[in-house]
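A.B. asks: Encoded as structure tokens, here's the structure I'll be asking about.
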Amino acid sequence: MESNASGDDFGDIDWNTEDELEISEIPISTSNLPTPGGVTIVCNGEESSSAHSSNSKLIQHFVGMGFPDKLVVKAIEEIGEGSSEGKILDTVLTYLELQNSSEEHGCIDSDQSTSGYDESLLHDSDIDSWSDDDDEENSDDLSESEKKLQTLQKMGYSVDEATEAMHRCGPDASIAVLTDFICAAQIARAEAPDLPAEIKPKANYTCSQNGKLKRRLYAELDNRKKQRGMVGEDSEMIRLPKPMVGFGLPTDDQSSIVRERTLPEQALGPPYFYYENVALTPKGVWDEISKCLYYVEPEFVDSKYFCAAARKRGYVHNLPIQKRFPLRPLLPLNIEETFPLTKRWWPSWDSRTYLNCLQTAIGSAKLQDRIRKAVEAYDGEPPEHVKKYVIDQCKKWNLLWVGRNKVAPLEPDEFELLLGFPRNHTRGGGISRTDRYKSLGNSFQVNTVAYHLSVLKPLFPDGINILSLFSGIGGAEVALHRLGIPLNNVVSVEKSEINRNIVRSWWEQTNQKGNLIDFDDVQTLDAYKIESLAGKIGGFDLVVGGSPCNNLAGSNRVSRDGLEGKESILFYEYVRILDTVKNIMSGRRFN
DNA sequence: CACACAATGAGACTGCGC
DNA sequence: GCGCAGTCTCATTGTGTG
């Protein structure tokens with residue numbers, strides 16, 4: 001295997017072994033999922049099988065997620081001991097659903113119950129109340145605050161955390177708001193390097209341990225709400241921000257930068273994750289992406305704020321957003337400073353100051369010739385219709401003025417410059433010019449991504465282990481390297497051999513001390529391989545990747561089929577693999 | 001066979017006038 | 001608020017050329 005040729009100590013992993021896995025994959029029927037691509041939910045089969053002998057463990061498992069224990073017990077009784085987590089979850093969901101619909105109609109009436117469950121078990125009306133209500137019937141004399149405190153304690157939070165949250169969020173704050181606050185506070189403390197270790201939260205990721213089930217739960221409820229018309233299709237659609245600056249730019253007035261956000265608790269790491277795709281997708285795509293990635297709101301950024309070319313992209317990540325810093329030196333944001341030689345030839349009637357999105361194809365020589373002839377035909381300024389034709393073509397193909405009446409497309413090394421890669425990053429080794437454009441056109445803008453990833457530097461002073469999916473020409477790896485974050489272990493998955501060669505070549509040229517291991521297909525990276533790799537290297541700190549945009553991009557006139565498209569459907573592989581890594585990381589402790 | 005070229009024209013958004 | 005033209009977009013495909 002190619003990846004074993006690197007002389008590292010990974011050669012002894014036998015990918016073909018049939019050894020029983022601690023992690024196994026259980027495909028969930030699409031009827032349970034909002035993801036038509038068939039996300040695979042990974043469950044711990046070992047734990048499930050041992051659970052027959054200990055129902056209390058399973059009950060504890062669900063109660064830990066905030067479900068009423070009586071419902072869980074009832075569900076297990078109804079569907080039989082030894083049932084899978086998924087079945088139990090479905091049954092509990094049904095109970096909750098029935099409860100919700102009863103309350104909506106204001107008719108909780110046990111006489112109407114035909115489902116076999118005891119509605120007296122239920123008395124909460126919303127998601128805030130999926131806590132253990134065991135004592136509630138005996139606690140009528142407790143104040144609202146005391147009840148909330150009790151609920152939070154049962155969810156595993158300390159009295160101090162709960163009290164602080166209730167104090168800060170006010171007396172009317174719901175349980176959901178309070179748990180959000182506590183999670184945000186945990187992250188903030190974890191990220192504050194100046195806090196003494198003893199007051200930092202321990203690796204308390206209990207909230208993410210059950211993330212996949214919770215995600216499924218939220219998705220299921222979301223679907224049912226939609227079916228009942230409770231949620232308007234458009235009312236919650238993700239809209240693109242204007243201006244497209246994400247949480248703020250390095251050049252912003254510091255006071256205007258967003259410094260806090262509350263992540264859904266199931267989105268918390270480890271690992272950190274960072275997902276990218278084109279911003280301008282068919283409707284609903286970003287809603288789906290966000291939903292599958294734990295309901296984290298995308299951060300939309302146009303790279304024209306980081307270089308002289310536009311690149312509108314959405315990023316979904318669970319990284320901290322405080323204390324970001326940019327790569328130095330900053331790139332110029334206009335064409336004139338980026339390509340000073342063009343200034344002499346730039347006509348006054350071409351008002352462009354920055355380029356459009358760098359794509360995978362360039363303007364042809366014939367087109368350049370047509371433009372030259374069109375402009376040459378006039379002594380002074382050409383008439384309006386000629387100007388319009390020329391400017392339209394220049395915008396469409398990102399052409400620069402490189403001589404008298406002469407336009408030209410960007411050279412590959414100019415692509416590299418604009419995108420933040422080292423010069424000649426994609427040059428040589430048998431790669432054609434066309435392939436260079438294709439690889440570069442599909443890549444990250446390094447400075448933009450590095451700005452987001454910069455927060456990892458103080459967190460991983462001794463280096464980082466990353467799982468890089470759809471690596472392309474290694475935009476994330478280059479960004480981390482340029483940030484000065486040591487790359488201890490990089491597992492890179494990239495279909496194109498040309499791109500894999502580019503990354504390996506870069507790896508060797510930059511004298512990396514760590515290990516680079518590569519795969520060619522995300523679909524073959526199963527739970528066993530991920531588990532083995534994680535075991536070898538001590539876990540993954542970051543899962544990064546931008547899945548194929550072919551079926552999302554506006555340039556595609558043929559098969560812009562959205563996330564169900566032939567290539568773009570691989571997004572669900574990112575979700576699957578991230579879920580697997582989350583599962584592994586929450587089930588074990590890595591040092 | 002690799003590469004270059006050009007036709008293709010969907011979908012979302014924006015800005016303008018009414 | 002509506003209609004419309006204008007703008008932009010990590011592309012695909014078939015054909016031509018050397």
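A.B. asks: State in Å² the accessible area per residue of region A:500-591; use a 1.4 Å probe, count heavy atoms of protein chains only, and round to the nearest integer.
C.D. replies: Per-residue value: 40 Å².
A.B. asks: Once you have the Cα-Cα distance between residue A:513 and residue A:261, take 0.36 nm times their residue separation minus that, and quote the gain in nm to one decimal.
C.D. replies: Contour length minus Cα-Cα distance gives 87.2 nm.
A.B. asks: Of A:343/A:395; A:304/A:366; A:242/A:291; A:457/A:536, which sit over 20 Å apart, Cα to Cα?
C.D. replies: Exceeds cut-off: A:304/A:366; A:242/A:291; A:457/A:536.
A.B. asks: Evaluate E = 1/(1 + (r/R0)^6) for residue A:524 and residue A:378, where r is the Cβ-Cβ distance and R0 equals 56 Å; express this FRET efficiency to the nearest 0.05.
C.D. replies: 0.40
A.B. asks: Further, regarding this structure: Taking the mean number of other Cβ atoms within 10 Å as a proxy for protection, how do you rank A:313-323, A:536-546, A:334-344, A:392-402 from highest to lowest?
C.D. replies: With the highest mean Cβ count within 10 Å placed first, the list reads A:536-546, A:313-323, A:392-402, A:334-344.
A.B. asks: What percentage of the solvent-accessible surface of region A:335-419, computed with a 1.4 Å probe over protein heavy atoms, is contributed by carbon and sulfur atoms?
C.D. replies: On region A:335-419, the fraction of accessible area on carbon and sulfur atoms equals 51 percent.
A.B. asks: In whole Å and largest first, what semi-axes does the C-alpha gyration tensor of region A:335-419 yield when each eigenvalue is scaled by 5 and square-rooted?
C.D. replies: Equivalent-ellipsoid dimensions as semi-axes: 21, 14, 11 Å.
A.B. asks: Okay, moving on. Please work out the average accessible area per residue across region A:313-403, using the 1.4 Å probe convention, and give it in Å².
C.D. replies: 56
A.B. asks: In nanometres, what is the gap between the two model label sites at residue A:146 and residue A:427, each 7 Å from Cα along Cα-to-Cβ?
C.D. replies: Placing both labels 7 Å beyond Cα along the Cβ direction yields 7.6 nm.
The values are calculated or read from the model by the stated rules, or taken from the named source; none is laboratory data. This is a predicted model, so every value here is computed, not measured. Cβ coordinates were reconstructed from backbone atoms using ideal geometry, including for glycine residues, and neighbour counts include every protein chain displayed. Side chains included, ligands, DNA and RNA excluded: accessible areas come from the protein's heavy atoms. Shrake-Rupley method; radii C 1.70, N 1.55, O 1.52, S 1.80 Å.
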